[in-house]
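Just below is one structure, and these are the notes that go with it.
Each value in this text was obtained by applying a stated rule to the coordinates, not by laboratory testing. Predicted model, so just to flag it, every value in this text is computed and none were measured. Positions of Cβ are generated from backbone atoms using ideal geometry, with glycine treated the same way; all protein chains shown enter the neighbour counts.
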Amino acid sequence: MERHEYDVVVIGAGGAGLRAAIEARQQGKRTAIICKSLFGKAHTVMAEGGAAAAMGNVNPDDNWMVHFRDTMRGGKFLNNWRMAELHAKEAPDRVWELEAWGALFDRTKDGKISQRNFGGHEYPRLAHVGDRTGLELIRTLQQRVVALQQEDEREHGDPEAFIKVFAECTITRLLKDGDAIAGAFGYWRETGDFLVFDAPAVVLATGGIGKSYVVTSNSWEYTGDGHALALLAGAKLINMEFIQFHPTGMVWPPSVRGILVTESVRGDGGVLRNSEGRRFMFDYVPDVFKDKYATTEEEGDRWYTDQANNRRPPELLPRDEVARAINAEVKAGRGSPQGGVFLDVSSRLPAAEIIRRLPSMHHQFKELADVDITQEPMQVGPTCHYIMGGVEVDADSGAASVPGLFAAGEVSGGMHGSNRLGGNSLSDLLVFGRRAGLGAAAYVDGLSARPATADVDDAMSEAVAPLERTGGENPYEVHHELQRTMNDLVGIIRKAGEITEALQVVEKLKERSKNTGSSGSRVYNPGWHLAIDLRNMLLVSECVARAALLREESRGGHTRDDHPGMSPEWRQKLLVCSAASDASGVTVEEKVQPSMRGDLISLFERSELEKYLTGDELAEYDAAVK
Ligand code: FAD
């Protein structure tokens with residue numbers, strides 16, 4: 001069997017994986033980058049709006065403290081505050097570093113990196129490249145990888161001596177030596193041949209889990225692999241009940257169902273209307289945000305040109321608020337003909353300006369759906385977009401609880417609390433990708449010996465099992481039933497009875513998945529790939545549902561119809577998922593969050609904290625600000 005030896009293996013070639021791999025290589029470690037699909041095709045490429053970083057280029061009042069506050073507010077104070085602090089402090093350096101590596105950001109009139117408005121950010125903060133920021137980010141990071149390979153060629157005569165990409169290669173198991181990581185096992189997508197990576201450190205950067213839901217902005221690779229790999233290796237997942245349903249996925253026509261309409265459409269002036277033509281978001285500003293958002297259309301419209309003297313329009317509330325409002329309008333019978341609401345930029349900006357500011361949006365919907373966004377409103381509704389939950393990591397190093405395992409980007413948990421602000425993901429990838437690469441390199445440096453070479457017989461038997469059950473059940477049917485169940489019963493609005501029903505269905509699907517078979521051989525066989533991925537989707541779905549059932553409150557990306565309010569007691573608790581290594585069952589335990597450091601908590605007004613914290617925590621605040 002093909003076998004490779006590395007110091008650091010990075011699973012995932014999105015922004016987090018590439019940034020981690022660059023750092024590990026810069027620390028002198030032999031590094032492999034593995035990705036399930038083509039190199040360059042990751043969700044990061046699809047990110048449109050930009051990377052949030054408090055550079056203060058457009059509004060000099062912006063700084064890391066304002067960004068930190070916005071992030072904590074967006075996450076409804078459930079965030080790992082140390083991660084939110086590091087992120088807010090380091091994001092500007094990571095953006096400038098990208099520029100030094102060749103990224104061509106849009107500019108302000110005086111030549112600085114331009115920054116745009118986005119929901120939940122107090123000031124214009126998203127560094128962007130039109131609506132193709134993720135593409136530029138990936139292009140730049142890939143270019144950096146190539147530059148390092150050129151250096152290695154000059155120095156060692158081999159461009160891949162220290163950093164090598166393995167594309168279209170899916171990892172199905174992490175390998176261990178005792179308690180510690182010893183490598184990873186996977187297969188080549190095209191040939192089905194197996195391969196093994198022997199390595200003392202693995203960085204997970206596999207992105208999200210959207211394919212457990214029917215309506216999603218996520219593409220086929222996003223089957224929660226990294227989440228499941230971590231669980232099966234003995235690591236823990238946190239915050240799995242918090243899923244972001246992006247408020248504006250296209251609901252019509254079917255050719256673009258689920259595809260995202262970037263928040264920049266609203267940031268640049270687009271408005272949401274119901275079937276009666278009403279800008280309904282003014283009816284949905286929650287109390288905690290009342291003083292920050294405009295109360296009239298006139299004030300909201302003035303804000304686009306004069307932000308100092310007006311409050312922002314409520315279309316720019318955090319995503320969870322907008323998604324719930326759209327859901328409520330549709331349920332109340334005021335939706336668009338195909339079950340969404342109208343998002344209109346055509347009547348707000350001249351066509352040429354729309355094409356200038358939102359070129360990909362215009363091009364994509366014209367090409368894929370014959371919808372001209374300069375001429376007509378879009379029909380939009382919530383789509384499963386992003387998971388806030390993920391591998392529990394140490395904020396500073398990205399280390400998971402299993403020695404040698406690290407995680408960064410969407411697959412890690414904590415940074416975004418119960419809800420991520422738009423633009424905070426791209427900056428998260430850069431900040432924590434770098435830190436995970438550093439953490440992995442330092443871990444390798446600290447080892448006295450490499451782990452023993454792992455046995456891969458079990459991993460191989462597990463992977464070939466679906467091919468040996470040729471008469472077994474169709475994996476596509478099991479997958480579809482899982483997607484419908486999660487969409488309908490553990491979706492944007494949840495109830496105990498429905499979640500319990502979903503868990504019963506998941507149990508049955510777990511049994512059925514043991515019998516899923518695929519005909520054909522290992523050579524390019526998508527049915528076989530799906531049968532393997534099902535294990536991961538079922539595990540992750542079970543974590544989401546179990547945590548969602550336990551958390552009896554509504555916060556961020558978790559709305560319980562039967563527990564509508566936020567509870568200060570629940571804010572203090574994290575739900576921590578673990579699983580047996582044979583994927584047989586998930587357990588969820590409560591864990592108390594550490595209190596915020598005094599200098600950070602004193603960045604907030606007491607009146608704001610009263611909405612979130614317990615009496616004891618407020619007493620700690622009083623002591624900190626004294
Ligand atoms: P990804 O970029 O998702 O990459 C994951 C990598 O892991 C891929 O290379 C994949 O092939 C690989 N992988 C997965 N499983 C395996 C496996 N088993 N074996 C090997 N490889 C594997 N965020 C923002 O901040 N601003 C935005 O404007 C924005 N817009 C978005 C628009 C869309 C349509 C989408 C879907 C997301 C958007 N996001 C945005 C969110 C953001 O893009 C993602 O959260 C982020 O890019 C995730 O990056 P990542 O590096 O963690 O993983």
Per residue of the range 400-416, in order, report the coupling 6.51 cos²θ - 1.76 cosθ + 1.60 (Karplus, θ = phi - 60°) as ³J(HN,Hα) in whole Hz, putting x for Gly and Pro. 8, 6, 8, x, x, 9, 10, 8, 8, x, 4, 6, 9, x, x, 4, 9
Regarding the range 146-231, what's the average projected area of the Cα-atom convex hull, expressed in nm²? 7.7
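Just to be sure I understand: of the beta bridges DSSP finds with both ends in the chain, what percent are antiparallel, rounded to 5? Display every interim value, and only then the final one.
Numbers: 45 of 71 bridges.
Bridges in the chain are about 65 percent antiparallel.
At a 10 Å Cβ-Cβ cut-off, how would you order Tyr284, Tyr187, Tyr524, fewest neighbours first? Could you put the intermediate results ahead of the total?
Working: Tyr284 18, Tyr187 23, Tyr524 14.
Final ranking by Cβ density, sparse to dense: Tyr524, Tyr284, Tyr187.
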Residue-wise HN-Hα coupling along the range 443-454, computed from phi with Karplus coefficients 6.51, -1.76, 1.60 (Hz; x: Gly, Pro): 4, 4, 4, x, 7, 8, 8, 6, x, 5, 5, 7
Enumerate the amide H contacts of Arg494 below 5 Å, restricted to partners 5 or more residues apart or on another chain; note that Pro and chain-start residues carry no placed amide H. Thr559, Arg560, Asp561
Among 4-14, 118-128, 590-600, how do they line up by average Cβ neighbours within 10 Å per residue, starting with the highest? 4-14, 118-128, 590-600
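Within the range 58-102, which chymotrypsin sites (Phe, Trp or Tyr not before Pro) sit in a loop by DSSP and count at most 14 neighbouring Cβ atoms inside 10 Å? Please list the in-between numbers first.
On the way: sites: Trp64, Phe68, Phe77, Trp81, Trp96, Trp101; in loops: Phe77, Trp101.
The qualifying sites are Trp101.
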Enumerate the calculated ³J(HN,Hα) couplings along the range 32-45 in order (Karplus 6.51 cos²θ - 1.76 cosθ + 1.60, θ = phi - 60°), each rounded to whole Hz, writing x wherever the residue is Gly or Pro. 10, 10, 10, 9, 6, 10, 5, 5, x, 9, 9, 4, 3, 4
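Structure shown: which of Lys211/Lys290; Lys89/Lys164; Lys290/Lys591; Lys112/Lys366; Lys89/Lys626 lie over 29 Å apart, alpha-carbon to alpha-carbon?
Lys211/Lys290; Lys89/Lys164; Lys290/Lys591; Lys112/Lys366
Calculate the all-directions average of the projected area of the chain's alpha-carbon convex hull, and give it in nm². Present the calculation step by step, with values, prior to reporting the outcome.
Values: hull surface 109.3 nm².
Approximately 27.3 nm², given one-decimal rounding.
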So for the range 423-570, Kirkwood radius off the Cα pairs, Stokes-Einstein at 37 °C and 0.692 mPa s: how many µm² s⁻¹? 176
Give me, ordered by chain and number, the residues 5 or more places off Gly249 or on other chains with an amide H under 5 Å from its own placed amide H. Val261, Gly381, Thr383
Residues whose modelled amide H sits under 5 Å from the amide H of Asp177, counting only those 5 or more places away in sequence or on another chain, are Ala182
